[in-house]
Amino acid sequence: MAVGTLTTVRVPAPEVIDRRVAGGAMVLAPLAVVPLAAVASSIVFLGELIGLPAFASAALALGAVALGSRGLHLDGLSDTADGLGASYDRARALEVMRRGDSGPTGIATLVLVLLVQVGALSGAISAGHGIAAAAIAVFAGRGVLSLCCARGVPSARPEGLGATVAGSVPVWVAAVVFAVLAGAAALTVPWWQGLLAVTLAYAAASALLARCVQRLGGVTGDVLGGCVEVAVAVALLALSF
């Protein structure tokens, strides 16, 4: 479920999808996106090898990640921004998010977040640790999924992906995922910068999650995607110098 949901890698469908399977998929999300992290880091490496401008390498790397995840999280970010910006009425906001189109708030948010991501990764490339930064951002972004699905986080709807995964991950397991990612990041770049990147990524995702729970009553699949993209952007910002 983790690989099939978060990447375009073809895998057999799970025989059953219940809360145990869904929670396990959210915990294993960083492992499921190893191919995406490898592709992003390889593009950065090849860009440096052939002398591509840092901004171009960053755009290609993040574009490959977006294609490799079917644009799922970018769509979630756009829909979440539209919902939060549409109305203070919970039902109205959820209805806006359910529609397939993107409004001006969603489009503007999408463009700005992508610009931040590409600009920050290009800064990391110029600073000499772009290969590690690309991988850390991909892993940290998917790591926050276990946080967003931790026990106590409700679902905004009685159906959909959010209802399946909401509250399915024990809090201590989400904490272990954070610790593993932070520790691994600290081994690939200056320890304080790796730890800072993962910590700030989680903090940003937590802030968006809290806002969505307050406004929408809980999480949806779109909210999960929005948290992923915000976490990626903030992780890259922390690694951009």
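The values are calculated or read from the model by the stated rules, or taken from the named source; none is laboratory data. Everything numeric here is computed off the predicted structure, so don't read it as measured data. Positions of Cβ are generated from backbone atoms using ideal geometry, with glycine treated the same way; all protein chains shown enter the neighbour counts.
Mind checking which residues of the range 83-102 are outside any helix (DSSP H, G or I) and either farther than 19 Å from LEU224 by Cα or at pLDDT 90 or above (or both)? Explain how you work it out, then say what you get.
Filtering the range 83-102 down to residues outside any helix (DSSP H, G or I) leaves 87-89, 99-102.
Matches in the range 83-102: SER87, TYR88, ASP89.
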| Out of CYS227, CYS149, sole residue that is over 18 Å from VAL21 (Cα atoms) and buried (at least 24 other Cβ atoms within 10 Å of the Cβ) | CYS227
| task | Search the range 69-85 for residues being within 17 Å of GLY218 (Cβ to Cβ) and of a type outside the set (A, V, I, L, M), and hand back the single one that is surrounded by the fewest Cβ atoms within 10 Å (Cβ to Cβ). | result | GLY76
| query | Of the residues that make up the range 44-65, is at least one touching a helix residue (DSSP H, G or I) at 6+ places or on another chain (Cβ under 9 Å), modelled with pLDDT of 95 or more and not in a helix (DSSP H, G or I)? | reply | yes
| query | Which one of the conditions (1) assigned to a helix (DSSP H, G or I); (2) aromatic (Phe, Trp, Tyr); (3) at pLDDT below 95 does PHE241 fail to meet, given that it meets all the rest? | reply | (1)
| Output for the range 187-209, where each listed residue is among the polar types (S, T, N, Q) and over 13 Å from the mean Cα position of the chain (by Cα) | THR188, GLN193, THR199
| Count of residues meeting criterion [surrounded by 14 or more Cβ atoms within 10 Å (Cβ to Cβ), without any contact (Cβ under 8 Å) to a residue 60 or more places away in the chain and of a type in the set (A, V, I, L, M, F, W, C)] in the range 86-106 | 2
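Working only within the range 183-214, note down all residues that are among the aromatic types (Phe, Trp, Tyr) and free of Cβ contacts under 8 Å to residues at least 24 places away in the same chain.
Result: TRP191, TRP192.
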| query | Which condition does LEU28 not pass, out of (1) of a type outside the set (Phe, Trp, Tyr); (2) in contact (Cβ under 8 Å) with a residue 60 or more places away in the chain; (3) surrounded by 18 or more Cβ atoms within 10 Å (Cβ to Cβ); (4) in contact with a helix residue (DSSP H, G or I) (Cβ under 6 Å, 6 or more places away or on another chain), if it passes all the others? | reply | (2)
| field | Index of the failed condition, SER206 passing every other in (1) of a type in the set (Ser, Thr, Tyr); (2) modelled with pLDDT under 95; (3) within 25 Å of THR109 (Cα to Cα) | value | (2)
| query | If we scan the range 57-68, do we find a residue that is touching a Pro at 6+ places or on another chain (Cβ under 9 Å) and surrounded by 19 or more Cβ atoms within 10 Å (Cβ to Cβ)? | reply | yes
| request: Specify the residue that is nearest to the chain's Cα centre (by Cα); the eligible residues are those in the range 10-43 that are modelled with pLDDT of 95 or more and assigned to a loop (DSSP other than H, G, I, E, B). | output: VAL33
| message | Looking at GLY143, GLY162, can you tell me which residue is in contact (Cβ under 8 Å) with a residue 40 or more places away in the chain, touching a strand residue (DSSP E or B) at 6+ places or on another chain (Cβ under 6 Å) and assigned to a helix (DSSP H, G or I)? | response | GLY162
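Matching residues to (1) modelled with pLDDT under 95; (2) within 22 Å of LEU74 (Cα to Cα); (3) surrounded by 16 or more Cβ atoms within 10 Å (Cβ to Cβ):
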site	(1), (2), (3)
ALA137	no, yes, yes
ARG142	no, yes, yes
VAL169	no, no, yes
TRP172	no, no, no
ALA179	no, no, no
ALA184	no, no, yes
